[in-house]
Amino acid sequence: MATLDFEIRPNPAPVAATQRAALLADPGFGRVFTDHMATIRYSDAKGWYDARIEPFGPISLSPATAGLHYAQEIFEGLKAYHAPDGGVTMFRPEANARRMQITCDRMAMPRLPEEAFLTAVRLLVERDREWIPTQDGGSLYIRPFMFATEVFLGVKPSSEYLFCVIASPAGSYFAGGVHPVDVWVSAEYTRAAPGGTGAAKCAGNYAASLAAQAEAIEAGCDQVVFLDAVERRYVDELGGMNVFSVYGEGDDVTLVTPPLAGTILPGITRDSVLSIATDRGWRVEERPYALSEWQADAESGRLRESFACGTAAVVTPIGRIRGADLDFTIGGGVEGPVTRRLRETLLGIQHGELPDPHGWVHRLL
Ligand SMILES: *Cc1c(COP(=O)(O)O)cnc(C)c1O
């Protein structure tokens, strides 16, 4: 495919610098957006076309737009950072571009070329670089997404799509300190079954998780943890984060995490944690992990730490696990040293403060 040329349409009324500074002082998560967005259209007839950077704003759609009815809607999430030398970097963006292609395959959507994904993200971040928070731990959260735009109510893969990238400044997830999360084991709901869409980053997985997440909140927990859909015995993942348990201490550490067997999302943070652990000489086991094993080992004290990980929350300790007839604490409910070490290493690499032996940091500016 020929390289796409992006047309640049600058926002004629960008947010004023003083107002932007006020928004950046406390951006929270996902409510403040930058001045621009990237868009690329697709049709079966033309392929990918009309690549643009344009003002952030509403998208007008027919009520009969296929994506609104049959959920051909997928997304990605990654971050851009200020480098210590004043430049701008991103963390493993090519891994997000590749994962989106795999998600496209599962959802019967056309693959967006990796180069188009990366160019759209780069041009948007370049244009809106003033929106990257400068405070400690701040980043610009980037949300690429794609959905079916054919106006047709027949059930089939759409013949038209819109790929879009928006960006939202985010403060440090750990601004108020590191707080272990309590997770709720859902007895009623599962997230993904074998043969389903659990390994695809599609909007529908999130819709399917919300009733269980609401149950978790109702029970006073922060997040839901899903069990496998077949036996309801093995830990899969949280609604939007992968999960690890830590055995041993000092140099003799083993990390256990559920395998990528089709029902969990192959997290880029998960993959990075596995690499960092291996670099340190720790053992890693990707294997089925039963809830009963989790509980027995936590109660015997053999298991000292568990954590959840993903782009938004980086590495976050799990303090307590609860369910209908289940309640146990891990490591006294406080963060353990292995979790802290992994989080600090990952954040240090992402923010350019530690060496990057795997070449994960992608220089933009
Ligand atoms: C995005 C996501 C993750 C984390 O993936 P990262 O690439 O590490 O951000 C984990 N689980 C689910 C269900 C997700 O959608």
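The values are calculated or read from the model by the stated rules, or taken from the named source; none is laboratory data. The model shown is predicted, which means the values in this text are computed figures rather than measured ones. Note: ideal-geometry Cβ built from the backbone for every residue, glycine included; neighbour counts use all protein chains shown. Areas reflect the complete protein model, heavy atoms only, side chains present, ligands, DNA and RNA absent. Shrake-Rupley method; radii C 1.70, N 1.55, O 1.52, S 1.80 Å.
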Using the Cα gyration tensor of segment 209-305, with a ≥ b ≥ c the square roots of its eigenvalues, what is the shape: rounded (a/c below 1.5), prolate (a/b larger than b/c) or oblate (neither)? prolate
With a ≥ b ≥ c the root eigenvalues of the C-alpha gyration tensor of segment 291-335, is it rounded (a/c under 1.5), prolate (a/b larger than b/c) or oblate? prolate
With no solvent and one point on each alpha carbon, what is the Debye value of log10 I(q)/I(0) for the chain at q = 0.13 Å⁻¹? -1.11
With every protein chain present, what accessible area does Trp184 have (1.4 Å probe, heavy atoms only), rounded to the nearest 10 Å²? 30
Crossing angle, helix 337-350 versus the chain [Cα axis fit, 0-90 degrees, rounded to tens]: 20
Show which lysines lie in cross-link reach of Lys46 when reach means a straight Cα distance below 30 angstrom and same-chain residues fewer than eight apart are skipped. Lys156, Lys201
In deg cm²/dmol, rounded to 500, what helix-only [θ] at 222 nm does the chain give when every DSSP H run of at least 4 residues adds -39500 (n - 2.57) and the total is split over its residues? -8000 deg cm²/dmol
With +1 assigned to the C-beta of every Lys and Arg and -1 to the C-beta of every Asp and Glu, and no other charges, what is the dipole magnitude of the chain about the Cα centre in debye, to the nearest 20? 580
Of all accessible surface on segment 7-170 at a 1.4 Å probe, what whole percent is carbon and sulfur? 54
Return the percentage of antiparallel bridges among DSSP beta bridges fully within segment 7-170, rounded to the nearest 5 %. 95
Taking only protein heavy atoms into account and a 1.4 Å probe, give the accessible area per residue of the chain in Å². 44
Under a no-solvent Debye model with one identical scatterer per Cα of segment 7-170, what's log10 I(q)/I(0) at q = 0.09, 0.12 Å⁻¹? -0.31, -0.55
Taking the chain as the reference, fit the longest principal axis to its C-alpha atoms, fit the long axis of helix 203-218 to the helix C-alpha atoms, and give the angle between the two in degrees, 0 to 90, nearest 10. 40
Given Cα pairs under 8 Å that are at least 6 residues apart, what percent is the relative contact order of the chain? 17
Rounded to the nearest 10, the angle in degrees between the Cα long axis of helix 93-106 and the longest principal axis of the Cα atoms of the chain comes to 90
Ratio of Rg to Rh for segment 83-133, alpha carbon only, Kirkwood? 1.09
Out of the total accessible area of segment 207-365 (probe 1.4 Å, heavy atoms of protein only), what percent is carbon and sulfur? 49
Could you rank Asp252, Asp356 by how accessible they are, 1.4 Å probe, largest area first? Asp252, Asp356
